[in-house]
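The values are calculated or read from the model by the stated rules, or taken from the named source; none is laboratory data. All figures in this text were calculated on a predicted structure; none of them were measured in a lab. Cβ placement follows ideal geometry from the backbone for every residue including glycine, while neighbour counts extend to all protein chains displayed.
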């Protein structure tokens, strides 16, 4: 995987873990909101980085991959808005949604991108021999 994306992925996982612990311990909604805000900001940045790489390498699944990014960001922004208005209790259900999405995205969608990039590099190495 591209080193920048690998670092971003680990940071997303670390933030989800921190948010999960915060929710399980019953910490304040303000603390949970801080972790969620950091997660959203990092996800936005990571998605932009991923999309730049996909565009640079002419990734064939770029349209579907970008759509998945848009769907998650819409869900996250809705959750942020509801939390800021005190309309949604933040708890295990939301954590399960975030964790499931992240695992699915990393293990499926991003894994296909990683395999594509690996193949591009392998093909490039063969040509240079």
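Data overview
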quantity: Of all residues in region 1-26 being outside any helix (DSSP H, G or I) and touching a helix residue (DSSP H, G or I) at 6+ places or on another chain (Cβ under 8 Å), the one that is nearest to residue 100 (Cα to Cα); calculated: 1
quantity: Meets criteria (in contact (Cβ under 8 Å) with a residue 12 or more places away in the chain, surrounded by 15 or more Cβ atoms within 10 Å (Cβ to Cβ) and either out of contact with any strand residue (DSSP E or B) (no Cβ under 6 Å at 6 or more places or on another chain) or not in a helix (DSSP H, G or I) (or both)) for residue 97; calculated: no
quantity: Residue check, residue 89 more than 13 Å from the chain's Cα centre (by Cα), at pLDDT below 80, exposed (fewer than 14 other Cβ atoms within 10 Å of the Cβ) and closer than 30 Å to residue 116 by Cα; calculated: no
quantity: Residue that is surrounded by the fewest Cβ atoms within 10 Å (Cβ to Cβ), among those in region 27-36 that are over 13 Å from the mean Cα position of the chain (by Cα) and part of a helix (DSSP H, G or I); calculated: 30
quantity: Among (1) out of contact with any helix residue (DSSP H, G or I) (no Cβ under 7 Å at 6 or more places or on another chain); (2) more than 24 Å from residue 121 (Cα to Cα), the one test that residue 56 misses; calculated: (2)
quantity: Within region 37-49, tally of residues that are more than 23 Å from residue 119 (Cβ to Cβ) and either more than 15 Å from the chain's Cα centre (by Cα) or surrounded by fewer than 19 Cβ atoms within 10 Å (Cβ to Cβ) (or both); calculated: 8
quantity: Given (1) assigned to a helix (DSSP H, G or I); (2) within 18 Å of residue 3 (Cα to Cα), index of the condition residue 83 fails; calculated: (2)
quantity: Residue match in region 103-125 (condition: surrounded by 12 or more Cβ atoms within 10 Å (Cβ to Cβ), over 17 Å from the mean Cα position of the chain (by Cα), at pLDDT 90 or above and in a helix (DSSP H, G or I)); calculated: yes
